[in-house]
Amino acid sequence: MNNSCTTNLFISAMYDLYPEESGTSRSIDFRVRHLAKLMECDIDLVLYTSPSLTGSLPPPGLRTRIVPLPLENLRTFSSLSARHDALPPTDKPAKDTREFLALMHCKVELLNRAATLWPDFHSHIWIDGNIFKVLSRTTEAMRHVERMGMERFPQKVVAPAGRAPRLAISGFPPPAVYWRFLGGLFVVPSALQNQFNELYQFMLDQITMRGLATWEVNVLAMIEAVRPDLFELVPADHDMSMVSFSSSAT
């Protein structure tokens, strides 16, 4: 791993929450096929995964570190999956399970964990392990991801943003998934890691104290509503625009 202060570290994860769903887009085989494209990119990458999956993953590149980490060792997952908070209404109940929502909230915990272990990077970038399922032109997308690994992003949380406007504080938490953030990728500078992690955990606690469960993109939108100064968002959708933006566009 490069550990150069002029580059960025990508963090991702691969866990199997739907072992009975062979042949669907939620199956581990489907997701690992897309993970292979990410792992082919010439980037510094930390991949957290279940120990039982390590033998099923694509061969890692020289700049990839695979970290076996049981789900139960993730504080956020253990805490949220054991609760009985009311699940939000969804048109995808087979996907938006309690365990799925809990794992999505682990993105920030894993980002902070990696930033603590490998702090000598300019920024740390969360990227979904199966993000290539929405990137139609694989070779071009790989080049965009590699370029992002060398970008000098501003000292703010940089993320591709959906069409939803900034969330109003009176709308906490949104009753449905709120696509202000797209969730699959966001950049956090090293200098903001601890503050961002603390803000996320605080906002998540405010929701669980009310006996509710929600998506991680909703929590990100809630943080931006109270601290807009911490963010630089760029217009995008669940397509190539998620990885084709650059720091010059922020």
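The values are calculated or read from the model by the stated rules, or taken from the named source; none is laboratory data. It should be emphasised that the depicted structure is a prediction, and the values quoted were computed from it without experimental measurement. Reconstructed Cβ throughout: ideal geometry from the backbone, glycine too, with neighbour counts over all protein chains shown. Quick note on the areas: whole protein, heavy atoms, side chains included, nothing else; ligands and nucleic acids left out. Shrake-Rupley method; radii C 1.70, N 1.55, O 1.52, S 1.80 Å.
Over 26 Å apart at the Cα level, from the set 37/156; 92/133; 95/133, are 37/156.
Relative protection proxy for 233-245, 184-196, 57-69, from highest mean packing down: 184-196, 233-245, 57-69 (other beta-carbon atoms within 10 angstrom). Of the beta bridges in the chain, as assigned by DSSP with both residues counted there, near 25 percent are antiparallel. Restricting the calculation to Cα atoms, the chain shows an Rg/Rh of 0.93 when the hydrodynamic-style radius is the Kirkwood one. For the stretch 75-120 and the stretch 191-250, what is the separation of their C-alpha centers, rounded to whole Å? Each part reduced to its Cα centre gives a spacing of 14 Å.
Please state the equivalent ellipsoid semi-axes for the stretch 121-229: what are the square roots of 5 times the Cα gyration tensor eigenvalues, largest first, in whole Å?
26, 17, 12
Rg/Rh for the stretch 40-110 (Cα atoms only, Rh after Kirkwood) is 1.06. Sorted largest first, the spans of the alpha carbon positions of the stretch 85-156 along the three principal axes are 41, 33, 20 Å.
Between residue 65 and residue 194, the distance separating the two model label sites (each 7 Å from Cα on the Cα→Cβ line) works out to 2.0 nm. A 1.4 Å probe run over the chain, with the rest of the protein chains in place, finds 44 Å² accessible per residue. Per atom type, the chain shows carbon and sulfur on 54% of its accessible surface, probed at 1.4 Å.
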